[in-house]
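Novice: Please read through the structure below; I'll follow up with questions.
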């Protein structure tokens, strides 16, 4: 039986005022597990290569990427945390380690005395530039080259569908 939720027809849900949640089928769970395990293996391989070839962690790379794309190569720490999807306390500890390696430095925020701006240093910009060459080669080798153009298009459609679904139904 199907039901309508917020004007959308949801197949397989019984009408009882609210739709009941259903567990995934065995086949759906097999597909989910294959996806998660493969994504984890790919992330691990990319992280290991990044660390070995550049001495940067994936966290370092995420911070450096965000700062390299920011106006003036600087961002407020709260904006940076939001952009890379980290909690502020995790970012603060990570930034301390990056600051000791002179990849970034913190400056008082000109518009808010309570805030700090994270600034990409020339050392950090150089490290990011050098690491990007190796990282992008690894992305091509481990991800792009494994897929046909049609499969890459399907991945794009797949990720767009997941993002749209998350936007429509935020994670609780």
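Novice: Does any residue in segment 94-115 that is free of Cβ contacts under 8 Å to residues at least 60 places away in the same chain and on the phi > 0 side of the Ramachandran plot come within less than 6 Å, Cβ to Cβ, of a residue that is assigned to a loop (DSSP other than H, G, I, E, B) and surrounded by 13 or more Cβ atoms within 10 Å (Cβ to Cβ) six or more places away or on a different chain, and which pairs are these?
Specialist: Cβ pairs passing all conditions: 102/121.
Novice: When you scan segment 47-70, do you find a residue that is under 16 Å from residue 116 (Cβ atoms), over 16 Å from the mean Cα position of the chain (by Cα) and at pLDDT 95 or above, even just one?
Specialist: Scanning segment 47-70 turns up at least one residue that is under 16 Å from residue 116 (Cβ atoms), over 16 Å from the mean Cα position of the chain (by Cα) and at pLDDT 95 or above.
Novice: On the basis of being part of a loop (DSSP other than H, G, I, E, B), under 15 Å from residue 131 (Cα atoms) and in contact with a helix residue (DSSP H, G or I) (Cβ under 6 Å, 6 or more places away or on another chain), does residue 56 make the cut?
Specialist: Yes: the conditions hold for residue 56.
Novice: Hey, any hits in segment 150-158 for a residue that's assigned to a helix (DSSP H, G or I), closer than 21 Å to residue 47 by Cα, touching a helix residue (DSSP H, G or I) at 6+ places or on another chain (Cβ under 8 Å) and at pLDDT 95 or above?
Specialist: Scanning segment 150-158, I find no residue that is assigned to a helix (DSSP H, G or I), closer than 21 Å to residue 47 by Cα, touching a helix residue (DSSP H, G or I) at 6+ places or on another chain (Cβ under 8 Å) and at pLDDT 95 or above, so the answer is no.
Novice: Report, by residue number, each residue of segment 97-125 that is loosely packed, with under 12 Cβ neighbours inside 10 Å and assigned to a helix (DSSP H, G or I).
Specialist: Of everything in segment 97-125, those that are loosely packed, with under 12 Cβ neighbours inside 10 Å and assigned to a helix (DSSP H, G or I) turn out to be 100, 122.
Novice: Go through segment 139-149 residue by residue and tally those that are touching a residue at least 12 places away in the same chain (Cβ under 8 Å) and not in a loop (DSSP other than H, G, I, E, B).
Specialist: The number of residues fulfilling the criteria is 2.
Novice: Every residue in segment 132-147 that is touching a helix residue (DSSP H, G or I) at 6+ places or on another chain (Cβ under 7 Å) and within 16 Å of residue 60 (Cβ to Cβ), please.
Specialist: 134, 135, 138
Novice: Then there is this: Given 77, 89, 2, which one is modelled with pLDDT under 95 and crowded, with 17+ Cβ neighbours inside 10 Å?
Specialist: None of the other options fit; the residue is 77.
Novice: Same structure, new question: Can you tell me which condition residue 83 does not meet? The list is (1) in a helix (DSSP H, G or I); (2) in contact with a helix residue (DSSP H, G or I) (Cβ under 8 Å, 6 or more places away or on another chain); (3) closer than 17 Å to residue 54 by Cα, and all the others hold.
Specialist: (3)
Novice: Here is a follow-up. If only one of 162, 136 is assigned to a helix (DSSP H, G or I) and at pLDDT below 95, which one is it?
Specialist: On inspection, the qualifying residue turns out to be 162.
The values are calculated or read from the model by the stated rules, or taken from the named source; none is laboratory data. None of these values were measured; they are calculated from a predicted model. When we count neighbours, we look across all protein chains shown, and the Cβ atoms used for this are built from the backbone with ideal geometry, even at glycine.
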